[in-house]
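What follows is a set of notes on a single structure, which appears directly below.
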Amino acid sequence: MAGCSNSGNQGSGETEGSDGAGKTVKLTGLITKHPLTKPLAEMEWLQQVEEAAGVDIEWQEITADWDQKKGTMLASGDIPDIFIGPNVVTDADLAQFQGLFLDLSELLEQAPNVQAMFEAKPETKTIATQPDGKIYGLPKYQRYWPSTGTRQFINHEWLANLGLEMPTTWDELYEVLVAFKNEDANGNGNPGDEIPMDWPGGIGGYFNPAVLLGSMGITLTDGSGQGYFVEDGVVKNYLTDERYKTMVSFLHKLYKAGLVNKEVFTHDYTKFQSTARGEGDVAKVGFTWGWVASDRFGEQLAPQYTSMSPLKVTDDYTGALSWSYDYNSLNYGVNHLVVSARSKNKEAVMRFINELYKPEVGMQVLFGSLGTNIKDNGDGTYAVLPPADPKMDPGTWKWTSTMADNGAFYISDNLELTLGKDMQEVLGQSEALAEALQIDVEQDVLPSMFMKYSTADNNTMSLNTTNVMNLAETKFAKWVTEGGVEAEWDAYVKESERAGLAKNIEIMQKYYDAYKAGN
């Protein structure tokens with residue numbers, strides 16, 4: 001755990017003074033934040049929110065391994081007053097640790113800004129409400145993001161240097177990556193220092209190679225980090241789909257040929273980013289996935305890269321191409337704020353929540369403080385400012401300056417805010433994916449954050465998911481680096497079924513059908 005900001009108490013809910021006029025209430029909080037993000041004590045907007053709410057929060061700031069740390073903390077019952085972060089406490093955690101978290105449904109009259117969000121965006125209340133009507137976790141709504149989190153990039157200068165055409169199929173990509181490796185694509189006189197292909201190291205989720213499944217018509221949803229997707233109204237999982245086997249075989253072909261970063265399964269996200277930013281104007285990575293070019297490659301190298309359309313799996317493939325439809329997970333968030341049921345200062349907590357969910361605060365949670373990160377135009381409108389350091393890209397500036405997407409907040413649709421260059425950039429770089437994102441949302445998108453499971457089903461799925469993903473991640477790394485997917489596939493599928501994948505699909509289909517019937 002990173003260090004704490006602010007001075008404060010030794011346990012949840014202790015106070016200095018009382019919750020009366022003129023008194024500052026001591027609270028404890030925990031946030032899961034990006035490794036780039038500066039200490040919370042340096043966020044001017046947060047200090048103003050705490051002051052307005054009459055609270056002083058001692059924060060634990062977690063930048064890594066939260067899932068491992070969380071189990072120990074929740075089991076002990078010694079938890080802070082407030083948790084903030086994306087799905088910081090999952091529905092499965094709520095089911096497992098009943099009584100540990102506060103039902104906010106009866107307290108929301110003390111948070112009119114949350115009520116305003118629920119009224120303006122009823123889907124946020126759906127996201128927050130458990131099957132029994134209780135509300136333990138508050139969502140976020142950030143409004144501005146596009147339909148997908150992942151764009152596919154290739155260095156067009158390398159293509160030009162080597163006289164290559166833009167690849168349109170997997171085989172063409174393979175040939176391009178071979179040339180990148182062997183022919184001094186970056187022109188620095190050192191053939192072989194290029195990394196033809198890179199990704200963060202996982203299977204699915206943003207910026208990972210599962211988007212290649214779109215080459216065979218699979219529509220991922222919200223990155224599909226655990227493999228679940230919907231096809232023609234049927235819940236499936238690509239981890240045991242023959243098309244996944246085809247993709248893994250292709251990735252092994254690339255890895256065996258030395259076309260994939262050898263550190264792909266060992267580097268952390270920071271190293272993944274820094275590698276793609278090269279050295280000066282010399283790029284190091286040829287083909288990869290990311291948010292926008294300036295964020296992935298830095299301002300200096302970004303102009304070398306082009307956003308690509310999805311590739312066809314083969315030249316003679318005639319089916320539809322698809323991609324990852326992430327609008328819901330990009331613009332909404334599940335359980336971004338939860339509260340301890342043991343907090344001794346629930347009124348103070350609710351005051352803090354109400355201040356946090358003001359739309360004018362929400363834009364600062366996402367982009368940074370007024371004055372330094374956002375300009376107040378003085379007429380009720382605002383504009384996101386460029387980074388103070390002209391060498392820094394806007395995405396890094398945002399993640400460095402504030403809680404950003406990890407925060408808990410609400411930005412109303414009528415707030416007038418001019419976005420920064422990176423957000424305008426992401427819309428432009430999404431154009432190559434526009435055709436593939438003409439998706440049947442009703443039949444081919446899994447509305448996972450809107451599907452609330454019973455305690456029993458949550459517990460079943462959580463246990464099964466752990467077993468399934470442990471198997472899948474181990475096999476994926478082995479198959480990409482060493483091969484063997486063809487020989488081991490049938491046994492792996494059976495083992496996945498035994499681990500609970502079939503049961504999870506059965507449960508999800510039931511809730512998916514119920515959700516569709518009610519909408």
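Do we have any residue at all in the stretch 177-200 that's of a type in the set (S, T, N, Q) and under 19 Å from Val313 (Cα atoms)? Working first, answer last.
Of the residues in the stretch 177-200, the ones of a type in the set (S, T, N, Q) are 182, 186, 188, 190.
This time we only want the ones that are under 19 Å from Val313 (Cα atoms), so: none.
Within the stretch 177-200, none of the residues are of a type in the set (S, T, N, Q) and under 19 Å from Val313 (Cα atoms).
Of all the criteria given as (1) at pLDDT 95 or above; (2) surrounded by 15 or more Cβ atoms within 10 Å (Cβ to Cβ); (3) over 20 Å from Thr169 (Cα atoms), the one not satisfied by Ser224 is (1).
The residues on offer are Asn459, Asn470, and the sole one that is loosely packed, with under 15 Cβ neighbours inside 10 Å and closer than 23 Å to Gln98 by Cβ is Asn459. Applying the criterion of being crowded, with 18+ Cβ neighbours inside 10 Å and within 31 Å of the chain's Cα centre (by Cα) to the residues of the stretch 160-173, the residue that is nearest to Leu259 (Cα to Cα) is Leu173. Checked against (1) surrounded by fewer than 18 Cβ atoms within 10 Å (Cβ to Cβ); (2) out of contact with any Ser or Thr (no Cβ under 9 Å at 6 or more places or on another chain); (3) closer than 25 Å to Glu506 by Cβ, Glu231 meets all criteria but (2). If the condition is being of a type in the set (Asp, Glu) and more than 23 Å from the chain's Cα centre (by Cα), then the stretch 58-80 contributes Glu58, Asp78. Residue count for the stretch 41-68 satisfying the condition of being assigned to a helix (DSSP H, G or I), closer than 18 Å to Ala404 by Cα and not aromatic (Phe, Trp, Tyr): 8.
Listed here are the residues, each with its yes/no results for (1) assigned to a loop (DSSP other than H, G, I, E, B); (2) free of Cβ contacts under 8 Å to residues at least 40 places away in the same chain.
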position	(1), (2)
Ala179	no, yes
Asp184	yes, yes
Asn190	yes, yes
Gly205	yes, yes
Ala210	no, no
Gln226	yes, no
Leu239	no, no
Phe250	no, no
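When the stretch 341-367 is filtered for residues that are over 30 Å from Val426 (Cβ atoms) and buried (at least 24 other Cβ atoms within 10 Å of the Cβ), the ones remaining, listed by number, are Ala348, Val349, Phe352.
Contact map, the stretch 59-86: residues that are within 10 Å of Lys33 (Cβ to Cβ) paired with residues that are hydrophobic (A, V, I, L, M, F, W, C) and surrounded by fewer than 19 Cβ atoms within 10 Å (Cβ to Cβ), Cβ distance under 6 Å, separation 6+ or inter-chain. Pairs shown: Trp59/Cys4; Glu61/Ala2; Ile62/Met1; Thr63/Ala2. Considering only residues in the stretch 107-122 that are under 25 Å from the mean Cα position of the chain (by Cα) and surrounded by fewer than 16 Cβ atoms within 10 Å (Cβ to Cβ), the one that is modelled with the lowest pLDDT turns out to be Pro122. Does Leu104 satisfy being open to solvent by less than 40 Å² (accessible area, probe 1.4 Å), closer than 18 Å to Met451 by Cβ and either of a type in the set (A, V, I, L, M) or over 20 Å from the mean Cα position of the chain (by Cα) (or both)? The answer is no for Leu104.
Regarding Ser147, is this residue under 30 Å from Leu356 (Cβ atoms) and either touching a residue at least 12 places away in the same chain (Cβ under 8 Å) or of a type in the set (Asp, Glu) (or both)? Outline the logic, then answer.
Numbers: under 30 Å from Leu356 (Cβ atoms): yes; either touching a residue at least 12 places away in the same chain (Cβ under 8 Å) or of a type in the set (Asp, Glu) (or both): yes.
Yes; evaluated as a whole, the condition is true for this residue.
The set of residues in the stretch 368-393 being among the β-branched types (Val, Ile, Thr), open to solvent by 50 Å² or more (accessible area, probe 1.4 Å) and not in a loop (DSSP other than H, G, I, E, B) is empty.
The values are calculated or read from the model by the stated rules, or taken from the named source; none is laboratory data. Here the structure is a predicted model, which means the values were calculated and not measured. Counting neighbours? That spans all protein chains shown, and the Cβs are built from the backbone with ideal geometry, glycine included. Accessible surface areas use protein heavy atoms only, side chains included; no ligands, DNA or RNA. Shrake-Rupley method; radii C 1.70, N 1.55, O 1.52, S 1.80 Å.
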